[in-house]
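Since the structure comes first, as structure tokens, the remarks are kept for the end.
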């Protein structure tokens, strides 16, 4: 759970970093603050139909339980039973899983603007955050047309490639009864990296400002396949406070994070 970026394929890392950077930009651009976001509980379903290098396909469906309370704490429960709780006010993360009775309380020196790679004093429990690239900027309104950027894209913690990024502001529409604003961006790599070339990707993302949530995100490409995430079962109001605490009997281990060079093992 802690070593988020390890073991991902080049394409998956590329896609994840791109999506994360876009979300960070939108949060900053719309001045989203914890106190302004409405509390909720919801489910996020991810359907993946990926094309493998040999031309075969790999299909999978997974689900995430999401929740946020009035204090701004964010809860994420993944399909394997692992849980991540983020507490911006206290600059803390709390993680635990089903395989042992241990929880890790991460303490961060600061919260906004975290970039690059982080680990504890032993180099364990690694996290990676997007760098402060400009490629993810979008036009202020749909009427401004498309914005093209030549960017250096992170495909892993220590490798980057040049890519052309074309972004569009899609304006607003209603999704499942919620007001949503959207963008589309197309990334075309201008160079390759071994062992896998990065395919051209087009991603469309619709987000709720009221809940600071992705309502619908679709990433596709002729050599990539399809990756679709859709929010459902959203319930307004504070979730059960017990969600944000480890199960009874779990031992909590506190660790302090520090910034480290990316690629450090």
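The values are calculated or read from the model by the stated rules, or taken from the named source; none is laboratory data. Please read all numbers here as calculations on a predicted model, not as lab measurements. Here Cβ is always computed from backbone atoms with ideal geometry, including for glycine, and neighbour counts include all displayed protein chains.
Considering 136, 99, 43, which residue is in a loop (DSSP other than H, G, I, E, B) and surrounded by 15 or more Cβ atoms within 10 Å (Cβ to Cβ)?
Unique residue meeting the criteria: 136.
Which count do you get for residues in segment 206-265 that are within 24 Å of residue 160 (Cβ to Cβ) and either at pLDDT 95 or above or surrounded by 13 or more Cβ atoms within 10 Å (Cβ to Cβ) (or both)? I'd like the intermediate steps shown before the answer.
Going residue by residue through segment 206-265, those that are within 24 Å of residue 160 (Cβ to Cβ) are 217, 219-225, 227, 257-265.
Pick out the ones that are also either at pLDDT 95 or above or surrounded by 13 or more Cβ atoms within 10 Å (Cβ to Cβ) (or both) and you get 217, 219-221, 223-225, 227, 257, 259-260, 262.
Residues meeting the conditions: 12.
How many residues are in a strand (DSSP E or B), at pLDDT below 90 and closer than 30 Å to residue 249 by Cβ if we restrict to segment 102-133? Full working, then the answer.
Residues of segment 102-133 that are in a strand (DSSP E or B), as a first pass: 102-107, 116-119, 127-129.
Restricting the remaining residues to those that are at pLDDT below 90 gives 116-117, 127-129.
From what's left, closer than 30 Å to residue 249 by Cβ: 127.
Total satisfying the criteria: 1.
Within segment 154-168, is even one residue at pLDDT 95 or above, within 18 Å of the chain's Cα centre (by Cα) and crowded, with 18+ Cβ neighbours inside 10 Å?
no
Among (1) within 15 Å of residue 227 (Cβ to Cβ); (2) at pLDDT 95 or above, where does residue 69 come up short?
That leaves (1) as the condition not met.
Given the criteria over 22 Å from residue 233 (Cβ atoms), surrounded by 13 or more Cβ atoms within 10 Å (Cβ to Cβ) and modelled with pLDDT of 95 or more, does residue 86 qualify?
For residue 86, the condition - over 22 Å from residue 233 (Cβ atoms), surrounded by 13 or more Cβ atoms within 10 Å (Cβ to Cβ) and modelled with pLDDT of 95 or more - is not met.
Please enumerate the residues belonging to segment 49-63 that are surrounded by fewer than 16 Cβ atoms within 10 Å (Cβ to Cβ) and in contact with a strand residue (DSSP E or B) (Cβ under 7 Å, 6 or more places away or on another chain).
Pass one, segment 49-63, residues surrounded by fewer than 16 Cβ atoms within 10 Å (Cβ to Cβ): 49, 52-63.
Those that are surrounded by fewer than 16 Cβ atoms within 10 Å (Cβ to Cβ) and in contact with a strand residue (DSSP E or B) (Cβ under 7 Å, 6 or more places away or on another chain): 49, 52, 57, 58, 59, 60, 61, 62, 63.
Could you list, in sequence order, the residues of segment 17-45 that are under 23 Å from residue 235 (Cβ atoms), at pLDDT below 95 and within 13 Å of the chain's Cα centre (by Cα)?
23, 27, listed by residue number.
Of all residues in segment 230-259, how many are more than 26 Å from residue 118 (Cβ to Cβ) and in a strand (DSSP E or B)?
Of the residues in that region, 7 qualify.
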